[in-house]
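Colleague: My structure is below; once you've seen it, I'll send some questions.
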Amino acid sequence: MKKKPEKNEAATTPARYSCPYCRQILETLDAIRSHILTSHQAETLPYPEGTIHFAVNGQKYNLPVEPDWTLHYLIHDKLGLTGTKLMCDRGACGSCAVILNGRPVLSCTTLAIECNGKQIETIEGIAAAHHPLIEEYVKHHCMQCGYCTPGFVVTAKALLDWNRNPTEQNILEALGGNLCRCGTYPQHPKAILEAAKRLREKALAGKTEG
């Protein structure tokens, strides 16, 4: 009959140490200390694993994120930028749109961990910059309940960033992924065309003054 091992006789796994800079595995604490002092002494302490560095509306952040966090959860729930809405949570309505490195993306289907080093722009940043889209959307009554409006404005802003003279067809194609249950669709091209006109006039005035 086999003798049961005593608790203090149980096999233990030797401790191993991972370098926080280069992830090299070393067997002893003295070895990891020596390795860091020899190879990484001049380097600043690295951020913990899972920390991302990004900017939202020009404000820089260094934050730890979980692997399953979406970009919407990060900016809406963690940063408190509640202008970005969540309607379908399936990437099908456009209400959660933000601008990521110049491109409109759906924040409900974008993982926060993938946004390391990225520039993000939300509806709050567009409003703070007094973009003409905001005034034109109000002037042309482009909203009823208003829940989908931030996504439309963000998508329109991304369009005007690279095309200051869009056609109505360009606008319709750009807004193809944005849904409005109130049926305000006819008003959006009018507002965006007017905003584009104002941006062109402002750019021309700047050249004239220069």
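Colleague: What is the angle, in °, between the Cα long axis of helix 187-209 and the longest principal axis of the Cα atoms in the chain? Nearest 10 is fine, range 0 to 90.
Modeller: 90 degrees
Colleague: Moving on. So if we plug the beta-carbon distance of Lys118 and Asp77 into 1/(1 + (r/R0)^6) with R0 = 30 Å, what FRET efficiency do we get, rounded to 0.05?
Modeller: 0.95
Colleague: Still on this model: May I ask you to list the residues of the stretch 183-208 whose amide nitrogen lies under 14 Å from a point 7 Å from Cα along the Cα→beta-carbon direction of Leu172?
Modeller: 185-190
Colleague: Just the Cα atoms of the chain, one point each, no solvent: what log10 I(q)/I(0) does Debye give at q = 0.09, 0.10 Å⁻¹?
Modeller: Relative scattering, expressed as log10 I(q)/I(0), comes to -0.51, -0.58.
Colleague: Another question about this same structure. Report the extension gain between Tyr147 and Arg198 in nm, rounded to one decimal, defined as 0.36 nm multiplied by the number of residues separating them, less their alpha carbon distance.
Modeller: Residue separation times 0.36 nm, minus the Cα-Cα distance, leaves 15.8 nm.
Colleague: Number of Lys-Lys pairs in the chain under 29 Å by Cα, sequence gap 8 or more or different chains?
Modeller: Qualifying lysine pairs in the chain: 26.
Colleague: Still on this structure, please answer the following. Using the beta-carbon distance between Cys182 and Tyr21 and R0 = 35 Å, what value does 1/(1 + (r/R0)^6) give for FRET efficiency, to the nearest 0.05?
Modeller: Working from the Cβ atoms, E equals 0.05.
Colleague: Next up: For every helix of n ≥ 4 consecutive DSSP H residues, a contribution of -39,500 (n - 2.57) applies; sum these over the chain, divide by its total residues, and give [θ] at 222 nm rounded to the nearest 500 deg cm²/dmol.
Modeller: Helices in the chain give a 222 nm mean residue ellipticity of -10000 deg cm²/dmol.
The numbers here are math on the coordinates, done by the rules we state, and not lab data. Model, not experiment: these values are computed from the prediction. A quick note on method: Cβ atoms are made from the backbone with ideal geometry, for glycine too, and the neighbour counts reach across all protein chains shown.
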